[in-house]
Amino acid sequence: MTRPSLPADSAPRDFEIARADGDLLFDAEGGAYLDLLSGGGTVLLGHCRPAIVDALRTQADTLWNTGAVPVDVRAEASAALERFLPGALRPAVFYSTGMEAAEFALRLARQVTGRRAAVGFDHAMHGKSQATAALGWPNELATLTDFHRLPYLPETTEGDVLERLRATLAAHEVAAVFFEPLLGSFGGHCPSRAFGQSLGELCAEGGALLVVDEILTGFHRCGPAFLHADLGVAPDVLLVGKAMGNGFPVAAVAADRRYPLPPAALPGSTFAGNPLAAAVVATTLTEMEALDLPALVARVEAAVRAGLAGVGEDGAVLRGRGALWILELPDAERVARIMEHLLRERVVASPTARFLRLMPPATIGDEHLARACRVIAQACRATAPVR
Ligand SMILES: Cc1ncc(COP(=O)(O)O)c(C=O)c1O
């Protein structure tokens with residue numbers, strides 16, 4: 001019987017992690033694995049970073065949840081987030097997941113514009129609720145009235161995407177256009193700056209809010225604090241999450257200061273901005289400011305580019321930036337075989353369909369990173385069809 005191929009987003013049986021430290025995961029027997037998954041791109045500063053663990057412990061001894069009642073630590077988290085944001089944006093509300101943040105952005109856009117329709121692009125990831133799934137990756141669950149998911153890269157050109165967007169904005173009362181600057185759950189495609197500028201202009205002309213989703217790319221994961229700046233995009237609403245909690249569940253919505261935050265947009269939820277999450281955010285962001293994250297991430301980029309320069313010869317395409325890289329293989333079966341090779345060599349990455357995502361912590365050690373790249377290059381070579 002042939003061994004079943006590794007299903008997307010899952011690890012093989014007999015692979016269980018008991019603890020983590022920095023750029024390493026450890027199984028129950030103490031075996032170490034190099035972590036290029038970093039908790040779905042969340043653990044940008046490495047696992048169990050002492051200052052963040054301390055902040056969480058102290059907060060756990062003090063106060064867990066007050067619901068919507070104000071707490072100092074939430075104000076601290078909000079102020080820390082504001083230090084990272086472009087001047088036009090202010091923190092609006094914290095959530096526990098990116099999907100909730102994206103849902104709120106949609107409600108906010110509907111309230112601000114008085115319109116209903118929403119536009120997203122193929123292969124983007126904004127979450128797995130009905131509404132957020134309808135705006136991103138192709139799936140059959142999520143087809144909703146007033147939602148328009150347009151063809152995107154790589155299936156069509158930037159010019160065609162913009163033309164279709166123009167037509168959709170003309171034909172419908174669009175409240176929001178959702179945009180992920182780099183397709184981090186697909187092939188890593190990133191459009192040109194000219195595209196970014198036209199996208200902003202079209203949204204402004206069409207009266208739709210531009211919601212930029214930097215839940216994965218934000219906080220220097222791809223180099224700059226936020227990738228939209230490199231693309232010449234000025235978001236009306238910015239979604240952030242993942243690295244902001246270094247693995248703790250938290251996300252947030254930032255909105256242009258011009259827009260009110262009407263209660264009718266239903267901000268908040270039971271756990272929104274809870275003190276545990278807020279303490280982690282305040283400390284994680286302060287830790288980020290003390291590090292030279294752009295330099296750390298540039299170092300990761302240089303090592304990945306050099307270490308995986310040859311994978312093209314073995315049928316893999318490498319795309320990405322900073323500390324977010326995606327290897328595209330011809331099919332999921334090849335990805336599964338590469339993953340088996342990586343796990344034998346004790347390297348953990350993130351397989352999804354025909355893609356293998358590499359998202360190391362920015363703090364990964366030079367030797368670990370070089371070794372991981374060597375193992376990945378070997379895996380690509382070992383699984384390549386015989387030439
Ligand atoms: C860009 C982006 N947006 C939104 C989400 C959804 O976040 P969550 O899984 O926290 O709901 C993800 C998750 O991977 C993501 O990568």
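No lab work stands behind these numbers, since they all come straight from the coordinates. Remember, it's a predicted structure, so these values are computed and weren't measured experimentally. Because the Cβ atoms are built from the backbone with ideal geometry, glycine has one as well, and the counts that use them run over all protein chains shown.
All other residues with a Cβ under 10 Å from the Cβ of GLU180 taken together, and with Lys, Arg as +1 and Asp, Glu as -1, what is their net charge?
Values: positive: none; negative: ASP213, GLU214.
That sum, taken over residues with Cβ under 10 Å, equals -2.
Rounded to the nearest 500, what is the chain's calculated 222 nm mean residue ellipticity when only DSSP H runs of at least 4 contribute -39500 (n - 2.57) each, over all residues?
-11500 deg cm²/dmol
Can you tell me the FRET efficiency between ASP292 and ASP72 if r is taken as the Cβ-Cβ distance and R0 is 30 Å, rounded to the nearest 0.05?
Numbers: r = 29 Å, r/R0 = 0.97.
E(calc), rounded to 0.05, equals 0.55.
Using a simple spin-label model with pseudo-atoms 7 Å out from Cα toward Cβ, ARG116 and LEU266 lie 1.5 nm apart. Every pair of different Cα atoms in region 63-290 enters the Kirkwood calculation, which places the hydrodynamic radius at 17.5 Å.
Provide the FRET efficiency to the nearest 0.05 for the VAL317-ASN139 pair, computing r from the beta carbons and using R0 = 25 Å. Intermediate values should be presented prior to the final figure.
Values: r = 24 Å, r/R0 = 0.94.
According to the calculation, E is roughly 0.60.
Bridges between two residues of the chain, per DSSP, are antiparallel at a rate of about 65%.
Please list log₁₀ I(q)/I(0) at q = 0.09, 0.11, 0.14 Å⁻¹ for the chain, using the Debye equation with identical point scatterers on the alpha-carbon positions. One equal scatterer on each Cα of the chain leads to -0.52, -0.78, -1.24. Extension gain, ARG346 to THR157, is 64.1 nm, computed as 0.36 nm per intervening residue step minus the present C-alpha separation. Translational diffusion of region 85-179 was estimated from the Stokes-Einstein equation, with Rh taken as the Kirkwood radius over Cα pairs; at 10 °C and 1.306 mPa s the coefficient is 114 µm²/s. FRET efficiency for the pair ALA170 and SER129, taken as 1/(1 + (r/R0)^6) with r the Cβ-Cβ distance and R0 = 30 Å, rounds to 0.60. Taking a sphere under 11 Å around the Cβ of PRO262 and counting the other residues whose Cβ falls inside, with K and R at +1 and D and E at -1, yields a net charge of +2. Each peptide among 281-287, 214-220, 126-132, 168-174 gets the average number of other Cβ atoms lying within 10 Å of its residues, and from highest to lowest they stand as 214-220, 281-287, 126-132, 168-174. Charges on Cβ only, +1 for Lys and Arg, -1 for Asp and Glu, centred on the Cα centroid of the chain; of ALA372, MET339, SER78, which one is farthest towards the dipole's positive end? The listed residue farthest towards the positive side: MET339. Label zone of ASN65 (point 7 Å out along Cα→Cβ, amide N under 19 Å): in region 253-276 this covers 267-276.
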